[in-house]
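What follows is a short report on a single structure.
The values are calculated or read from the model by the stated rules, or taken from the named source; none is laboratory data. Just so you know, these numbers come straight off a predicted model, no measurement behind them. Every residue, glycine as well, gets a Cβ built from its backbone with ideal geometry; the counts of neighbours run over all protein chains shown. Areas reflect the complete protein model, heavy atoms only, side chains present, ligands, DNA and RNA absent. Shrake-Rupley method; radii C 1.70, N 1.55, O 1.52, S 1.80 Å.
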Amino acid sequence: AQSVTQPDIHITVSEGASLELRCNYSYGATPYLFWYVQSPGQGLQLLLKYFSGDTLVQGIKGFEAEFKRSQSSFNLRKPSVHWSDAAEYFCAVGMDSNYQLIWGAGTKLIIKP
Amino acid sequence: DVKVTQSSRYLVKRTGEKVFLECVQDMDHENMFWYRQDPGLGLRLIYFSYDVKMKEKGDIPEGYSVSREKKERFSLILESASTNQTSMYLCASRAGGEQFFGPGTRLTVL
């Protein structure tokens, strides 16, 4: 069965430091990959998605993610975090663009001043 | 901008009550979804709908039903609310592979 793992429940990063959030999936073929962010009191917003092509994907708010087939990973990165990045981040995987998504448990990002 | 709205941000109900959660999207999307979100469990799919009057069970449909009489509206019904249905409920619509979410309804069942 397909599954998505976000190994870190919480991550604490100093403001201005770099960030990497991990996402690993279990699926036989190349999946469709998504990162969403949920700010406190808000709904989920799409940060970026990968369907095919260049494995380094640029998203909104200065985020990027890299698809690594050999590692079954789709890690999210940002070179310098801002206090407003404090939120919960969810990785999701689909077997095609119109299939229902399988969601990771989320990683809560805490920003230290 | 796509807008997905949910009828209530916070709701408190009693055990055994019938509860209706409403979701409306304004972009003519065919696909709509209901999830529940619990800490440490991510999002779990309750039901989804590919079109009007069509529905499919998700991973955790027990205790829930849905209604899609109009394309823009997707309702989640808790037939007899129980305390283990206390949760955050998220509605989404989909186009082009992307899901667009409403702000969520935090339901407490006492």
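Some observations on this one:
- Peptide A:82-91 has a mean of 1 when you count, residue by residue, the C-beta atoms of other protein chains within 10 Å of its C-beta.
- Fraction of accessible area attributable to carbon and sulfur, region A:31-97 (%, probe 1.4 Å): 49
- Square roots of five times the Cα gyration tensor eigenvalues for region B:64-110, Å: 23, 14, 7
- Against the rule of thumb 2.2 N^0.38 Å, how large the Cα Rg of chain B comes out: 0.99
- Kirkwood Rh and Cα Rg combined as Rg over Rh, evaluated for region A:1-69: 0.96
- Sequence-separation-based contact order of chain A, relative, with Cα cut under 8 Å and 6+ spacing, percent: 37
- Using every pair of distinct Cα positions in region A:33-107, the Kirkwood expression returns a hydrodynamic radius of 12.9 angstrom.
- Computed with a 1.4 angstrom probe on protein heavy atoms, the B-A interface buries about 1500 square angstrom of accessible area in total.
- Take each residue in B:88-97, count the other chain C-beta atoms within 10 Å of its C-beta, and the mean is 3.
- Cα pair distances exceeding 16 angstrom across region B:1-63, given as percent: 59
- Separation of the B:Glu79 and B:Thr15 label points, Cα + 7 Å toward Cβ, nm: 1.9
- A protection proxy built from the mean count of other Cβ atoms within 10 Å ranks the segments B:66-75, B:48-57, most packed first, as B:66-75, B:48-57.
- Take every pair of alpha-carbon atoms less than 8 Å apart whose residues are at least six positions apart; their mean separation over the length of chain B yields a relative contact order of 36 percent.
- When Rg and the Kirkwood Rh are both derived from Cα coordinates, the Rg/Rh ratio for the protein assembly as shown amounts to 0.97.
- Computed with every protein chain present, the accessible area of A:Phe51 is close to 60 Å² [probe 1.4 Å].
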